[in-house]
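What follows is a single structure, written as structure tokens, with notes after it.
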Amino acid sequence: APIVVDGETWRSTEFYYQAQKSFEPEYRDAIRTAKNPAHAKGLASDPRRSKRSRKRSWFRHRLELMRPDWDEVKVSIMRVALAAKFGQNPQLKQMLLETGDALIVEDSAFDEFWGQGRIGAGKNQLGHLLMQLRNELRAAEE
């Protein structure tokens, strides 16, 4: 779902989130014009992580343009993205509210931070943010 944050329109939360990894306008434009969310994620990957990341990353020869505080701000950036997504799209907001008090889990075998990870012991940060947002949206309606 498209979102608007700080007057800028993004095709989805993934595009917005990945664009925040640098303040460089050229980088943000590359993310904005990426073919799809997976392409945006590839452009945003840290080229030091793997051979595959080195090939895909916009930062390959520009490490200095990566945001140095990324690990400290990524959760708050995702929170902004999710608030925009569910606040600006009534159908999605309703779907989130209809989950009641259910545990929300990002069922990603590959992501130990945002999801539950391969063995189910990940941090599930995305699930936690969605449940917090659900509570905030519910409280705002009361």
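The values are calculated or read from the model by the stated rules, or taken from the named source; none is laboratory data. Please read all numbers here as calculations on a predicted model, not as lab measurements. Note: ideal-geometry Cβ built from the backbone for every residue, glycine included; neighbour counts use all protein chains shown. We work out accessible area using only protein heavy atoms, side chains counted, and drop any ligands, DNA or RNA first. Shrake-Rupley method; radii C 1.70, N 1.55, O 1.52, S 1.80 Å.
Given A1, A40, which one is among the aliphatic types (A, V, I, L, M) and part of a helix (DSSP H, G or I)?
Of A1, A40, the one residue that is among the aliphatic types (A, V, I, L, M) and part of a helix (DSSP H, G or I) is A40.
Would you mind telling me which numbered condition in (1) farther than 15 Å from K21 by Cα; (2) in contact with a strand residue (DSSP E or B) (Cβ under 8 Å, 6 or more places away or on another chain); (3) open to solvent by 30 Å² or more (accessible area, probe 1.4 Å) A84 fails?
Status for A84: all satisfied but (3).
Return the pair list, or none, for Cβ contacts closer than 9 Å from residues in the stretch 13-37 that are under 19 Å from E72 (Cα atoms) to residues that are among the hydroxyl-bearing types (S, T, Y) and at pLDDT below 95, at least 6 apart or on different chains.
none
Every residue, every condition in (1) under 23 Å from G7 (Cα atoms); (2) touching a Gly at 6+ places or on another chain (Cβ under 6 Å); (3) in contact (Cβ under 8 Å) with a residue 24 or more places away in the chain, yes or no:
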| residue | (1), (2), (3) |
| --- | --- |
| A40 | yes, no, yes |
| E64 | no, no, no |
| V73 | yes, no, yes |
| P90 | yes, no, no |
| L97 | no, no, yes |
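Out of the stretch 35-59, which residues are open to solvent by 50 Å² or more (accessible area, probe 1.4 Å), at pLDDT 95 or above and either of a type in the set (D, E, K, R) or in contact with a Leu (Cβ under 9 Å, 6 or more places away or on another chain) (or both)?
Within the stretch 35-59, K35, K41 qualify.
In the stretch 5-24, which residue that is of a type in the set (A, V, I, L, M, F, W, C) and open to solvent by less than 70 Å² (accessible area, probe 1.4 Å) is farthest from G42 (Cα to Cα)?
Ranking the candidates gives V5 first.
Scan the stretch 93-142 residue by residue and report those that are assigned to a loop (DSSP other than H, G, I, E, B), of a type in the set (D, E, K, R) and open to solvent by less than 60 Å² (accessible area, probe 1.4 Å).
Listed by number, the list holds a single entry, D111.
Every residue in the stretch 6-54 that is basic (K, R) and on the phi > 0 side of the Ramachandran plot, please.
Result: no residue meets the conditions.
Of the conditions (1) open to solvent by less than 20 Å² (accessible area, probe 1.4 Å); (2) assigned to a loop (DSSP other than H, G, I, E, B), P68 satisfies every one except a single condition; which number is it?
(1)
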